[in-house]
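Asks: Let me give you the structure first, and then I'll get to my questions.
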Protein chains: 2
Amino acid sequence: MKNLMLGSLLLALVVTQTGCHTSRPAQRYGAVIGVKPEKLEYYKELHANPWPAVNEAVAKANITNYSIYLTQFDDGQWYLFSYFEYTGDDFEKDMKILTENEEVQRWWKETDPCQNPLASRGEGQWWKNMEEVYHLD
Amino acid sequence: MKNLMLGSLLLALVVTQTGCHTSRPAQRYGAVIGVKPEKLEYYKELHANPWPAVNEAVAKANITNYSIYLTQFDDGQWYLFSYFEYTGDDFEKDMKILTENEEVQRWWKETDPCQNPLASRGEGQWWKNMEEVYHLD
């Protein structure tokens with residue numbers, strides 16, 4: 001009986017780790033990019049029905065709780081904002097595996113032409129990384 | 001023994017709900033606002049050392065995993081992007097309690113003059129709510 005209880009408690013811990021969309025501490029990333037008005041509907045369609053292989057590759061890269069938001073600015077331009085959490089321990093390695101994934105490359109052939117990256121983005125960036133100025137768990 | 005196992009499994013479920021920084025399903029909110037260049041440093045200072053009473057009020061309003069990002073656009077304008085998760089069951093009620101909190105009102109007297117809300121924001125909004133076009137847990 002003790003073993004059974006221990007087993008169940010172990011299960012409790014496993015569920016805690018995998019049941020959460022992030023294990024603490026996660027690294028948070030926020031980024032921004034422009035989107036072309038004429039590609040807006042296609043971009044939304046793609047993301048309303050993302051390819052399962054792409055979602056799987058993103059999850060395998062230890063990216064979790066990933067959201068993309070869309071809004072129009074007062075000058076009429078449209079922008080996308082992304083937020084995700086990275087739960088692995090080697091971001092560069094995981095990003096390398098992700099960017100080399102064939103399905104992900106095929107996906108980006110669809111999404112890249114929809115986007116207008118900011119000129120002021122950092123070197124090697126497509127989406128411009130933003131600075132976190134506040135966080136409350 | 002059956003009861004003990006059931007009890008442990010129940011515990012597993014309880015841990016899952018309370019062990020995460022958000023219980024699923026959370027409602028996610030992404031929003032945007034401009035920030036005045038001359039107020040940038042003050043805004044950052046405030047948020048690097050947020051008032052404990054304000055953080056407490058936000059947490060009591062069932063807002064969790066709350067981040068604010070800052071970035072400069074190619075036209076030189078600065079913008080803030082917020083992301084948070086709401087884990088309560090009455091958003092309007094919780095927001096009413098939050099907005100009526102005296103410390104929060106005092107905080108907003110500091111932060112509001114730093115910001116330039118978008119003209120295209122929805123009625124009753126200060127930050128403009130954005131549309132979620134993608135999410136991966």
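Read-outs throughout are calculated quantities, based only on the coordinates presented, and are distinct from any laboratory measurement. For clarity, every value in this text was computed on a predicted model and none was experimentally measured. Every residue, glycine as well, gets a Cβ built from its backbone with ideal geometry; the counts of neighbours run over all protein chains shown.
Asks: Too long at a 28 Å Cα-Cα cut-off: which of A:Lys96/B:Lys44; A:Lys60/B:Lys128; A:Lys93/A:Lys128; A:Lys36/A:Lys128; B:Lys44/B:Lys128; A:Lys60/A:Lys128?
Replies: Checking Cα-Cα distances, A:Lys96/B:Lys44; A:Lys60/B:Lys128 exceed 28 Å.
Asks: If I model a spin label at A:Met95 and A:Ala48 as a point 7 Å from the Cα along the Cα→Cβ vector, what separation in nanometres do I get?
Replies: Taking the two extended label points, one gets 3.1 nm.
Asks: Let me ask another. Can you give the extra length, in nm with one decimal, that the chain gains between B:Trp126 and B:Ala59 once fully stretched, where that is 0.36 nm per residue apart less the Cα-Cα distance?
Replies: Result for the pair: 22.1 nm of gain on full extension.
Asks: Moving on. Kindly give the distances from B:Asp74 to its copy-mates, label point to label point, with each label point 7 Å from Cα along Cα→Cβ, as nm values to one decimal ordered shortest first.
Replies: Inter-copy label distances (nm, one decimal, shortest first): 2.1.
Asks: Placing a label point 7 Å from Cα toward Cβ, how far apart in nm is A:Thr99 from its equivalents in the other copies, listed shortest first to one decimal?
Replies: Result, one decimal in nm: 4.4.
Asks: Another question, if that's okay. Below 15 angstrom from the Cβ of A:Glu103, what's the summed charge of the other residues (Lys, Arg +1; Asp, Glu -1)?
Replies: Local net charge: -2.
Asks: For A:Gln125, which inter-copy label distances result when the label point lies 7 Å beyond Cα on the Cα-to-Cβ vector, reported in nm to one decimal and in ascending order?
Replies: 2.4
Asks: Placing +1 on the Cβ of each Lys and Arg and -1 on the Cβ of each Asp and Glu in the stretch B:88-137, which of B:Asn101, B:Leu118, B:Tyr134 has its Cα farthest towards the positive end of the resulting dipole?
Replies: Going by the charge dipole, the pick is B:Leu118.
Asks: May I pose another question? Across peptide B:73-85, how many C-beta atoms of other chains are within 10 Å of each residue C-beta, on average? Spell out each step's value before the answer.
Replies: Values: counts 10, 9, 3, 1, 3, 0, 5, 3, 12, 4, 9, 2, 3.
Shielding by partners across B:73-85 averages 5.
Asks: Another question, if that's okay. What average count of beta carbons from other chains do you get within 10 Å of the Cβ of residues in A:57-68?
Replies: Other-chain Cβ atoms within 10 Å of each residue's Cβ, averaged: 3.
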